[in-house]
Amino acid sequence: MNDIKKFVFPAVLTGGGVFMIIYASFTEQNAAFVLGAFAVLIAGAISLVAALSNLTQQVRLILSVVLGLLIAVLAFMDYNSIKVPIEFQAEKERRYAHVVQRLKDIRTAQLAHKAIYQRYLGNTDSLVAFVKNDSIPFIKAIGEVPDTLTEEEAIRRGLVSRDTNYVSVKDSLFGNTEDRIHSFLPDSFVIVPFSGGTPFKLEAGMIERSGVDVAVFQATDPVPFDSRDPMQVGSMTDPKTNGNWE
């Protein structure tokens, strides 16, 4: 009976460690839990080998080899349970940086369209056509308006001039390549990066706020790398244009 009792605690400790590691491998446990589980397993294995001291050398050798192999397998599972989430997070951050860049480009294009036409676009093809073919007016001001005159009067008297020039949307809004994670491509800025050609889901419409109709839009990644964390900019229920990463 005493011989049996001395195996109870080591066996429970070892079994507990095995269960914790297997449980961590199939669930999303943090690194501290996994390392703790492996520590429990090692402690149980050591105590179990110590409890086998009265067995023959051959039996102890066989059991030690079996325990060693078990620990090696579980250690690999332990390593993977930590490595895989870390690699997933690194890949997510890499991909999402590109997704966010294109959502920012969509927002920039939508705001320019609204400034000219007082509404947003709810179709990706229309937004691409706007960026490629449309232009934005720029007013060049020459001279200063005297304090005693309005701008219209100063223009009429020839004291100042205002010339309107038109610049393509693509060149005026996306010509600067600084602080970009990838180059702007007018034909593909509405495509979700790494998706194989899937476009962002683009919506636009009007909502009422304080008795006034307000234009809104929303662009969403329909195939997010992390299904629990889809990226989007704008909102169809609130007149805001920020992204959910901001």
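In table form, for the structure just shown:
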quantity: Residue tally, condition farther than 15 Å from Arg107 by Cβ and buried (at least 17 other Cβ atoms within 10 Å of the Cβ), over the stretch 169-191; calculated: 3
quantity: Total residues in the stretch 230-243, condition under 24 Å from Val192 (Cβ atoms) and either assigned to a strand (DSSP E or B) or in contact with a Lys or Arg (Cβ under 8 Å, 6 or more places away or on another chain) (or both); calculated: 5
quantity: The stretch 66-117 - residue that is outside the structural domain of Ile181 (by TED's automatic domain parsing) and of a type in the set (Ser, Thr, Tyr) and, of those, modelled with the lowest pLDDT; calculated: Ser81
quantity: Matching residues in the stretch 175-197 - criterion: being at negative phi, without any contact (Cβ under 8 Å) to a residue 24 or more places away in the chain and small (Gly, Ala, Ser); calculated: Gly175, Ser183, Ser188
quantity: Qualifying positions in the stretch 223-246 - of a type in the set (Ser, Thr, Tyr) and more than 16 Å from the chain's Cα centre (by Cα); calculated: Ser235, Thr237, Thr241
quantity: The stretch 128-157 residues that are closer than 30 Å to Leu185 by Cα and not assigned by TED's automatic domain parsing to the domain that holds Lys104, paired with ones that are of a type in the set (Asp, Glu) and at pLDDT 75 or above (beta carbon under 6 Å, 6 or more apart); calculated: none
quantity: Residues being within 25 Å of Val131 (Cα to Cα) and basic (Lys, Arg) - total across the stretch 188-246; calculated: 2
quantity: Residue check for Thr241: more than 13 Å from Val99 (Cα to Cα), touching a residue at least 12 places away in the same chain (Cβ under 8 Å) and not assigned by TED's automatic domain parsing to the domain that holds Gln101; calculated: yes
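The values are calculated or read from the model by the stated rules, or taken from the named source; none is laboratory data. Here the structure is a predicted model, which means the values were calculated and not measured. Glycine also receives a Cβ, built like all others from the backbone with ideal geometry; neighbour counts cover every protein chain displayed.
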